[in-house]
Amino acid sequence: MANVLATVDQRTKLVGENRLELLLFRINSTQLFAINVFKVKEVVKLPPLNAMPGSHPHISGVANIRGMSIPVIDLRSAIGFSPIPPGDDANMIITEYNRSVQGFLVGKVEHIINMTWSDIMPPPKTAGRNNYLTAITRIEYQGQSHLVSIIDVEKVLAEIIHYDVRLSEGVLDENLVHEMSGRKILIVDDSSTARRQVRETLSQLGIDIIEASDGLQALNLLQKWRDEGKQVSKELLMMITDAEMPEMDGYKLTYEVRNDKAMADLFITLNTSLSGSFNNAMVEKVGCDRFISKFQPDLLVEVVQERLRQVLNSQAMS
């Protein structure tokens with residue numbers, strides 16, 4: 001198990017090529033589940049846990065990993081099944097989401113698979129809004145075809161950790177409020193929870209929000225406007241996109257926009273739970289204007305206001 005992520009630092013070359021790698025694991029004996037390797041720091045056998053009195057019922061306890069206290073979430077319980085019983089197959093996947101580190105209690109961890117985002121599909125609409133999947137895919141594994149369910153970790157975390165969308169005092173520029181009304185922002189994210197967080201934050205500004213659930217859907221919308229003769233950068237104040245999405249990721253979406261002369265000047269902000277210098281490098285590579293690590297309402301609003309000031313200054317000078 002210690003070697004399953006030994007080469008994770010070499011995997012960054014996949015991103016920006018519309019590719020990803022998934023860590024496969026089980027939370028029961030029949031189904032395969034997955035999360036993106038880039039959100040995984042380490043996989044270890046489940047260590048002894050210390051109880052957390054008064055904590056959320058899905059938190060099994062706290063693990064001490066090399067002096068760091070990490071809350072451990074029972075993933076099976078969190079997505080609606082019975083809790084995972086203790087046993088030899090119990091493992092902990094240590095992840096970093098939204099600038100925080102947490103462990104997920106799972107069963108057997110299988111291995112890592114390399115795929116393209118075009119092979120990753122949204123969950124069926126018949127699954128309803130309350131499912132905990134951000135995507136699904138099908139793989140050949142151990143001589144059989146398997147359906148793999150990709151967990152919407154942001155939804156799991158949002159139900160355990162309260163994310164406050166209220167803005168800090170002084171963040172909102174009152175001089176810009178009257179300029180916000182009627183402005184449009186396209187938010188692109190495969191997580192309905194993440195879209196809701198951004199929507200509820202920016203709705204406080206009076207901005208109109210347009211939503212897309214993956215990069216391909218967003219690109220099709222932008223190309224439709226282009227073909228109708230609309231100037232995309234005039235239609236939208238900006239686009240805020242996630243990095244990891246089915247069918248087309250945010251890096252590929254940005255690349256496609258930047259290489260289309262009709263919409264290359266669209267202001268694009270990458271808003272992702274992935275963090276660190278790697279994302280800053282990818283922003284430069286594909287040509288995003290800004291990068292925001294989720295979830296930071298104040299910073300999100302500051303970026304929007306900064307963009308609006310740019311637009312207003314450009315209009316004043318023309």
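The values are calculated or read from the model by the stated rules, or taken from the named source; none is laboratory data. Bear in mind the structure is a predicted one, so any value in this text is a computation, not a measurement. Note that we place each Cβ from the backbone using ideal geometry, even for glycine, and neighbour counts take in every protein chain shown. Only protein heavy atoms, including side chains, enter the accessible area calculation; ligands, DNA and RNA are left aside. Shrake-Rupley method; radii C 1.70, N 1.55, O 1.52, S 1.80 Å.
List of remarks:
- Cα-centred dipole magnitude for region 124-192, charges only on beta-carbon of K, R (+1) and D, E (-1), debye, nearest 20: 440
- Considering only alpha-carbon pairs that sit under 8 angstrom and 6 or more positions apart, the relative contact order computed for region 108-245 is 20 percent.
- The alpha-carbon atoms of region 147-296 define a convex hull whose volume equals 127 cubic angstrom per residue.
- Unit charges on C-beta of K, R, D, E only; dipole of the chain, Debye: 280
- The length gained on full extension between LEU299 and SER118, counted as 0.36 nm times the residue separation minus their Cα-Cα distance, comes to 62.0 nm.
- Equivalent ellipsoid semi-axes, region 64-191, via Cα gyration tensor eigenvalues times 5, rooted, Å: 34, 23, 14
- Short to long, the 20 Å bins of the Cα pair-distance histogram for the chain hold 31, 55, 13, 0 percent of all pairs.
- The distance linking region 247-271 with region 208-234 is 11 Å (Cα centroid to Cα centroid, whole angstrom).
- Accessible-area composition of the chain, carbon plus sulfur, in percent [1.4 Å probe]: 48
- Sum of -39500 (n - 2.57) over DSSP H runs of 4+, divided by residues of the chain (222 nm, nearest 500): -7500 deg cm²/dmol
- All lysines inside 22 Å of LYS155 as judged from Cα atoms, apart from same-chain residues fewer than 8 positions distant: LYS39, LYS41, LYS125, LYS294
- ASP265/GLU140 FRET efficiency (R0 51 Å; Cβ-Cβ; nearest 0.05): 0.75
- Candidate cross-link partners of LYS224 among the lysines, defined by an alpha-carbon separation under 21 Å and a same-chain spacing of 8 or more, comprise LYS184, LYS234, LYS252, LYS261.
- Accessible surface, per residue, of region 163-245 when the full set of protein chains is kept, probe 1.4 Å, Å²: 45
- Region 131-205: proportion of alpha-carbon pairs further apart than 13 angstrom, %: 75
- Mean Cα-pair separation over length for region 25-78, i.e. relative contact order, pairs under 8 Å, 6 or more apart, %: 23
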